[in-house]
Amino acid sequence: MVKKAAGGDATAQLSLGLFYYIGDPVPQDYKEAVKWFTKAAEQGDVGGQNMLGVCYYEAQGVTQNYREAVKWWTKAAQQGNAGAQGNLGLCYERGEGVPQNYKEAVKWVTKAAEQGDAAAKEALERIKSK
């Protein structure tokens, strides 16, 4: 897999990034995870984009940067990634990395909820009550 990842295979890059992120079967190393997620994300890999957003949001392997998280989650959300859609919606609800906008929050959280994301379904009810 390392050979495939180093050769530019985005799926292998995402997988290798996840190994480093989780710490199995290699030692956990968020900086190394970010390196591989970035390579995958820059090739348009939706999983890499979503995970890169997580890393920027959570400050794992990079300095926390909500705008950068939103940038990557937007790319993944536009490709239909439910996790990214839900996360993007929460950023709009909270005004993290983007101006607070409940209409946009509802839009993105609804997309995630329609794909069966349970957390998004709960968030949708909360946001709609505001």
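What follows draws every value from the coordinates through simple rules; no lab data is involved. These numbers were taken from a predicted model, which means no experiment stands behind them. Here the Cβ positions follow ideal geometry from the backbone for every residue, glycine too, while neighbour counts run over all protein chains shown.
Name the pairs whose Cβ atoms lie under 6 Å apart, with the first residue in the stretch 59-82 and at positive phi, the second surrounded by fewer than 14 Cβ atoms within 10 Å (Cβ to Cβ) and of a type outside the set (Asp, Glu), and 6 or more positions between them or separate chains?
Every condition considered, the pairs that remain are GLY61/LYS31.
Hey, among the residues in the stretch 4-22 that are among the small types (Gly, Ala, Ser) and in contact (Cβ under 8 Å) with a residue 24 or more places away in the chain, which one's nearest to ALA41 (Cα to Cα)?
Pass one, the stretch 4-22, residues among the small types (Gly, Ala, Ser): 5-8, 10, 12, 15, 17.
Those still in the list that are in contact (Cβ under 8 Å) with a residue 24 or more places away in the chain too: 5, 8, 10, 17.
On the way: ALA5: 13, GLY8: 12, ALA10: 8, GLY17: 11 Å.
Top of the filtered list is ALA10.
So that you can scan it fast, the table gives a plain yes or no per residue for (1) crowded, with 21+ Cβ neighbours inside 10 Å; (2) acidic (Asp, Glu):
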| residue | (1), (2) |
| --- | --- |
| THR11 | no, no |
| PRO25 | no, no |
| ASP29 | no, yes |
| GLU32 | no, yes |
| ALA40 | yes, no |
| ASP45 | yes, yes |
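Identify all residues within the stretch 73-130 that are exposed (fewer than 14 other Cβ atoms within 10 Å of the Cβ), charged (D, E, K, R) and part of a loop (DSSP other than H, G, I, E, B); write none if there are none.
LYS130 - this is the single residue of the stretch 73-130 that is exposed (fewer than 14 other Cβ atoms within 10 Å of the Cβ), charged (D, E, K, R) and part of a loop (DSSP other than H, G, I, E, B).
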